[in-house]
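Data first, discussion second: the structure below is written as structure tokens.
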Amino acid sequence: MKKIFIIFRDWLGSMSFRTGIFVAVLCAVCYAVSFAQMLLPLPVAAKGALWVVFFGLAKTFQYSAILILGKEGVVRLKALFRKQSGKR
């Protein structure tokens, strides 16, 4: 199992910075949908099931984005946000 995880981690780590940003955006979208669906007129059981599915997807995308970006990607992303907030 550990060997499979290492192969998967290395495969994700070989992806580009742009892919990591795209996966992080998908994470944010899934978080938003997981809570926004509570406003829909659906039965409570359906809302719970949708929440579990979208929240699980959000967590999966979150950890995948962290593995793709790595330490240097996170530093680069923080610098990008600092640069944009300084322009205002």
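The values are calculated or read from the model by the stated rules, or taken from the named source; none is laboratory data. Every value quoted in this text rests on a predicted model; they were computed, and no experiment measured them. FYI the Cβ positions are ideal-geometry reconstructions off the backbone, even for glycines, and counts take in every protein chain you see. These accessible areas exclude ligands, DNA and RNA; they are computed on the full protein's heavy atoms, side chains included. Shrake-Rupley method; radii C 1.70, N 1.55, O 1.52, S 1.80 Å.
In this structure, is F8 aromatic (F, W, Y), touching a Leu at 6+ places or on another chain (Cβ under 8 Å) and either modelled with pLDDT under 90 or open to solvent by less than 70 Å² (accessible area, probe 1.4 Å) (or both)? For F8, the condition - aromatic (F, W, Y), touching a Leu at 6+ places or on another chain (Cβ under 8 Å) and either modelled with pLDDT under 90 or open to solvent by less than 70 Å² (accessible area, probe 1.4 Å) (or both) - is not met. Of the helices (runs of 4 or more DSSP H) that lie entirely inside the chain, not one contains 3 or more residues that are basic (K, R) and touching an Asp or Glu at 6+ places or on another chain (Cβ under 8 Å). Take M15 and decide whether it is open to solvent by less than 90 Å² (accessible area, probe 1.4 Å) and within 17 Å of G73 (Cα to Cα). The answer is yes for M15. Listed by first and then second residue, the pairs linking a residue in the stretch 61-79 that is open to solvent by less than 50 Å² (accessible area, probe 1.4 Å) to a residue that is not in a helix (DSSP H, G or I), with Cβ atoms under 7 Å apart and 6 or more places separating them unless they lie on different chains, are I68/M15. Assessment of the stretch 32-50 against the conditions (out of contact with any Pro (no Cβ under 8 Å at 6 or more places or on another chain), open to solvent by less than 80 Å² (accessible area, probe 1.4 Å) and within 15 Å of Y63 (Cβ to Cβ)) yields no matching residue. Return the only residue of V33, V75 being among the β-branched types (V, I, T) and out of contact with any helix residue (DSSP H, G or I) (no Cβ under 8 Å at 6 or more places or on another chain). Being among the β-branched types (V, I, T) and out of contact with any helix residue (DSSP H, G or I) (no Cβ under 8 Å at 6 or more places or on another chain) holds for just one of V33, V75, which is V75.
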